[in-house]
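Down below is the structure, laid out as structure tokens.
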Amino acid sequence: MALFAISCVDRPGSLSLRMATREAHLAYANGGQAYVRVKMGGPYLDEQGNMAGSLLIVEAPDRQAVEQFTKDDPYVKAGLFQTVEVRPYRITVGPPL
């Protein structure tokens, strides 16, 4: 198993779409899929303090599993994100997840 960071930036003016799909996204992220486990996550905030993106740290067997997990996210299916980036990740500061 390896850690990956999923970094997503919302499309401009999409806060209402985020709020409309938030419960489905949270249920999905907290669902404990067999192939990907969310270790921590939360929204990016804009200058006004509104949610404007997402950062998830996940544990998965490989990048392909993370890519599939990302594609199945209700936020992605709803077209919320302007960008989605998946990168391998390693903890070097702070407690282990």
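Structural remarks
- Thr92 vs. criteria over 10 Å from the mean Cα position of the chain (by Cα) and either more than 12 Å from Ala5 (Cα to Cα) or touching a residue at least 40 places away in the same chain (Cβ under 8 Å) (or both): yes
- All told, Val84 meets the bar of being in contact with a strand residue (DSSP E or B) (Cβ under 6 Å, 6 or more places away or on another chain), among the aliphatic types (A, V, I, L, M) and surrounded by 15 or more Cβ atoms within 10 Å (Cβ to Cβ).
- Options Ala34, Ala29; residue that is loosely packed, with under 15 Cβ neighbours inside 10 Å and either out of contact with any Leu (no Cβ under 9 Å at 6 or more places or on another chain) or small (Gly, Ala, Ser) (or both): Ala34
- Whether a residue is free of Cβ contacts under 8 Å to residues at least 40 places away in the same chain and surrounded by 17 or more Cβ atoms within 10 Å (Cβ to Cβ) was assessed, and Ala65 passes this test.
- Checked against the criterion of being farther than 17 Å from Pro74 by Cβ, surrounded by 14 or more Cβ atoms within 10 Å (Cβ to Cβ) and of a type in the set (Val, Ile, Thr), the candidates Ile57, Ile6 yield just one match: Ile57.
- The set of residues in the stretch 72-86 that are within 12 Å of Cys8 (Cβ to Cβ) and charged (D, E, K, R) comprises Asp73, Glu85.
- Exclusive hit being under 20 Å from Leu97 (Cα atoms), in contact (Cβ under 8 Å) with a residue 24 or more places away in the chain and aliphatic (A, V, I, L, M), set Ala20, Ala60, Ala24, Ala34: Ala60
Since every read-out is calculated from the coordinates, none of them should be taken as a lab result. This structure is a prediction, so every number in the text was calculated from the model and none was measured. Cβ atoms come from the backbone with ideal geometry, glycine included; neighbour counts cover every protein chain shown.
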